[in-house]
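> First, the structure itself, so that you have it in front of you.
The values are calculated or read from the model by the stated rules, or taken from the named source; none is laboratory data. This structure is a prediction, so every number in the text was calculated from the model and none was measured. For neighbour counting, all protein chains shown are included, and Cβ atoms are generated from backbone atoms with ideal geometry for every residue, glycine included. Accessible surface is based on the protein model in full, side chains and every heavy atom, while ligands, DNA and RNA are left aside. Shrake-Rupley method; radii C 1.70, N 1.55, O 1.52, S 1.80 Å.
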Amino acid sequence: MHRLARTGGTVELLRWLAGRAEGWAGIVGPDGTVLHAAARTAGAMVPDVAGLVAESANALVERGVQAYSVDTGEHTALLFPLSGVPQGGFPRSGLPQGASPQGASSQGVGDPAVPVLAVVTPRPVAAGLATLLADVVLPLSLCLQAERLERKRRRVDLAESRGREAVLHLLMTGQLSIAQQVAGALRPRLPDPVRVCVVECSGDDRDEVARVCVDADGGRSWIVRCPVYARHLILVMPAEDAEDAGEKAPEPGAAPTDETVAARVGDCVVGVSEPVPLADTATGYRQAFHALAVARELPTRHARFGVSPDPALVVGPAGRRWADELLNPLLTHVPRRAQDPGSQELLATATSWLAFSSHATDHLKVHRNTLAARLRLIGELLGLDLHRLADQAALDLALRVRATPAPACIPEVPSSAPPVPYASGTSQAADGLDAILCRPAVRDWADQQLAPVLGDQQLTPVLGAEETLRTWLRCEGRLGPAAAELGISVPGARKRLTRLETVLQRSLLRPPSARYDLWLALRSRDLAAARQ
């Protein structure tokens, strides 16, 4: 009996009791509602349990007895109040409206508010069955209380997880002040500046890895279970090792949290961003995700994002004006109906979809049809074809420029050269973007992005690296059409792109992908080459 209570809980105890009684065993609420039940066989015929309990409830109260039995001719029903179980421990207690849970001390013998163990057995009752039922009341009561506490713990964990996820979502969409207000109710407080760390776990051990992360840094990091990738943990860590007010500092000489986690968890992979302001958490996440793609190919299973400026920092004042003009229809959108999405919701949808593609439904917690409808509206408002990589890259850059708080833009260098047309059917947004991509600072950024691929080909360990990259981008980032155009198999094309991820130190095949940055960089180089 006690072994079953430890290993199987209420369900196994009731199943065992039903077998011993050769009938039916269950836990019934005071109104006759069956809360848990088990029968010896699936088709076991038993009388009306609810009626039996209703008939017996008054007798239990009136007589103040610790057990009660009812004979129905062919069966005998034995009832024992579980007087040590709080009525709040059940999903449906059947209490009258306004009744409040009472502790075990106030639930005495015959109390009508407590659940009842009911066993229906064929007549005659087996010898010793009543004694057995009296003995099982205590372990059964303890099992029910333990299960009630476990349900409460799971609800608390789920509420905390959803709260942390909400704070991360606010940070990713640039709503810093609201995120800090919500985070004030949880611990630890949000650090600033931060490093964003993405930990890829194996199997279902994400909770265990989260405990390792808490132990590694003394609980100073903001740890969130990724809502998009089921095996990912996202850590928003203090950028410096200095002790924050009210938080535990790491031991002197201790390894950084990300390196400690990679060393202690043998099958996880860790990617870490550069130090970024808390307001740039979205940028930090992209950097950490790109570093994660590199870390998968390293024996240490750990990588930090290499130094690389964000394109939003080099577009200059003209780039900010272009971004404002492009996004203005979206920023000023007023929905026709109260239930339709407003401008802020559409901005969050666009940002999430550009970052996570179809996984944005998990990030935003919306149906795929809702996501598709919002994307159609965004495309109509902005005059963009969001099926085209060129327009996706333009929108992504505009959103990043807008989310970058007052960047130290490199001064503009006026150019008298006429813009180079992109291609037939290009959108007005892509045409306006060309003038931005011709800036010297942007060209320098593009050269830095593409140097591992377009530099010395003998040092690039990927066969046809430039051709593969250009073909993949020309095919809108789709693997199948790119493989067909290259004349190789899909696994072969995936293998080339996986190796390019290591060379470029960017994620290509899984969102958030670097394909927007790479398209912008190649376009900038092509514009420069056309003017020479």
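> Among the listed residues C197, C201, C226, which satisfies the condition of being touching a Lys or Arg at 6+ places or on another chain (Cβ under 6 Å), of a type outside the set (D, E) and within 15 Å of F289 (Cα to Cα)? Let's see the steps before the verdict.
Working: C197 fails: touching a Lys or Arg at 6+ places or on another chain (Cβ under 6 Å); C226 fails: touching a Lys or Arg at 6+ places or on another chain (Cβ under 6 Å).
The match here is C201.
> Could you list all residues from the stretch 267-279 that are more than 18 Å from T498 (Cα to Cα) and open to solvent by less than 60 Å² (accessible area, probe 1.4 Å)? Spell out the reasoning first.
From the stretch 267-279, those more than 18 Å from T498 (Cα to Cα) are 267-268, 272-279; that's our starting set.
Passing the criteria: C268, V272, S273, E274, V276, L278, A279.
> Which residue pairs have Cβ atoms under 7 Å apart, sit 6 or more places apart or on different chains, and have a first residue in the stretch 467-491 that is within 22 Å of D517 (Cβ to Cβ) and a second that is surrounded by fewer than 16 Cβ atoms within 10 Å (Cβ to Cβ) and among the aliphatic types (A, V, I, L, M)?
Pairs found: L479/V490.
> Mind listing whichever residues of the stretch 136-181 are surrounded by fewer than 18 Cβ atoms within 10 Å (Cβ to Cβ), in a helix (DSSP H, G or I) and either touching a Phe, Trp or Tyr at 6+ places or on another chain (Cβ under 6 Å) or among the polar types (S, T, N, Q) (or both)?
Q145, S161, S177, Q180, Q181, listed by residue number.
> Output the residues belonging to the stretch 280-315 that are within 23 Å of V442 (Cβ to Cβ), open to solvent by 10 Å² or more (accessible area, probe 1.4 Å) and outside any loop (DSSP other than H, G, I, E, B).
Selection gives D280, A282, T283, R286, Q287, H290, L313.
> Another question, then. Within the stretch 506-513, is there a residue that is part of a helix (DSSP H, G or I), touching a residue at least 12 places away in the same chain (Cβ under 8 Å) and surrounded by fewer than 23 Cβ atoms within 10 Å (Cβ to Cβ)? Step through it out loud before you land on a result.
Taking the stretch 506-513 and keeping what is part of a helix (DSSP H, G or I), we get none.
For the stretch 506-513, residues part of a helix (DSSP H, G or I), touching a residue at least 12 places away in the same chain (Cβ under 8 Å) and surrounded by fewer than 23 Cβ atoms within 10 Å (Cβ to Cβ): absent.
> Right, A483: of a type in the set (G, A, S), under 29 Å from L331 (Cβ atoms) and either at pLDDT 65 or above or out of contact with any Cys (no Cβ under 7 Å at 6 or more places or on another chain) (or both) or not? Explain how you work it out, then say what you get.
On the way: of a type in the set (G, A, S): yes; under 29 Å from L331 (Cβ atoms): no; either at pLDDT 65 or above or out of contact with any Cys (no Cβ under 7 Å at 6 or more places or on another chain) (or both): yes.
Considered against the rule, which asks whether it is of a type in the set (G, A, S), under 29 Å from L331 (Cβ atoms) and either at pLDDT 65 or above or out of contact with any Cys (no Cβ under 7 Å at 6 or more places or on another chain) (or both), A483 comes out as no.
> Name the residues in the stretch 424-436 that are closer than 14 Å to L395 by Cα and either modelled with pLDDT of 80 or more or outside any loop (DSSP other than H, G, I, E, B) (or both), would you?
If the condition is that a residue be closer than 14 Å to L395 by Cα and either modelled with pLDDT of 80 or more or outside any loop (DSSP other than H, G, I, E, B) (or both), then Q428, A429, A430, D431, G432, L433, D434, I436 are the ones that fit.
> Out of the residues in the stretch 182-235 meeting the condition of being open to solvent by 30 Å² or more (accessible area, probe 1.4 Å) and assigned to a helix (DSSP H, G or I), tell me which one is nearest to S357 (Cα to Cα).
That would be R206.
> On to the next question. Going residue by residue through the stretch 337-352, is there one that turns out to be assigned to a loop (DSSP other than H, G, I, E, B), among the small types (G, A, S) and under 22 Å from A403 (Cβ atoms)? Break it down into steps so the answer makes sense when it comes.
Here is the first cut: in the stretch 337-352, the ones assigned to a loop (DSSP other than H, G, I, E, B) are 337-342.
Filter again for among the small types (G, A, S), leaving 338, 342.
Pick out the ones that are also under 22 Å from A403 (Cβ atoms) and you get 342.
Yes - at least one qualifying residue is present in the stretch 337-352.
> If you check every pair at least six apart or on different chains, which have Cβ atoms under 8 Å apart with a residue in the stretch 339-357 that is farther than 20 Å from T281 by Cα first and a residue that is open to solvent by less than 40 Å² (accessible area, probe 1.4 Å) and part of a helix (DSSP H, G or I) second?
Cβ pairs passing all conditions: P341/T349; P341/R374; S343/L330.
> A further question on this structure: Which condition does A127 not pass, out of (1) aliphatic (A, V, I, L, M); (2) in contact with a helix residue (DSSP H, G or I) (Cβ under 8 Å, 6 or more places away or on another chain); (3) open to solvent by 70 Å² or more (accessible area, probe 1.4 Å), if it passes all the others?
(2)
> So D385 passes all but one of these: (1) open to solvent by 30 Å² or more (accessible area, probe 1.4 Å); (2) assigned to a helix (DSSP H, G or I); (3) touching a helix residue (DSSP H, G or I) at 6+ places or on another chain (Cβ under 7 Å). Which condition number does it fail?
With (1) open to solvent by 30 Å² or more (accessible area, probe 1.4 Å); (2) assigned to a helix (DSSP H, G or I); (3) touching a helix residue (DSSP H, G or I) at 6+ places or on another chain (Cβ under 7 Å) applied to D385, the lone miss is (2).
> Are there any pairs with C-beta distances below 7 angstrom linking a residue in the stretch 250-267 that is over 16 Å from C197 (Cβ atoms) to a residue that is at pLDDT 80 or above, with the two at least 6 apart or on different chains, and if so which?
D267/S202
> Considering only the stretch 486-495, I want to know if a residue exists there that is at pLDDT 90 or above, aliphatic (A, V, I, L, M) and within 29 Å of the chain's Cα centre (by Cα).
First, the residues of the stretch 486-495 that are at pLDDT 90 or above: 486-495.
After this cut, where a residue has to be aliphatic (A, V, I, L, M) as well, the list is 486, 488, 490, 493.
Those left that are additionally within 29 Å of the chain's Cα centre (by Cα): none.
Scanning the stretch 486-495 turns up no residue that is at pLDDT 90 or above, aliphatic (A, V, I, L, M) and within 29 Å of the chain's Cα centre (by Cα).
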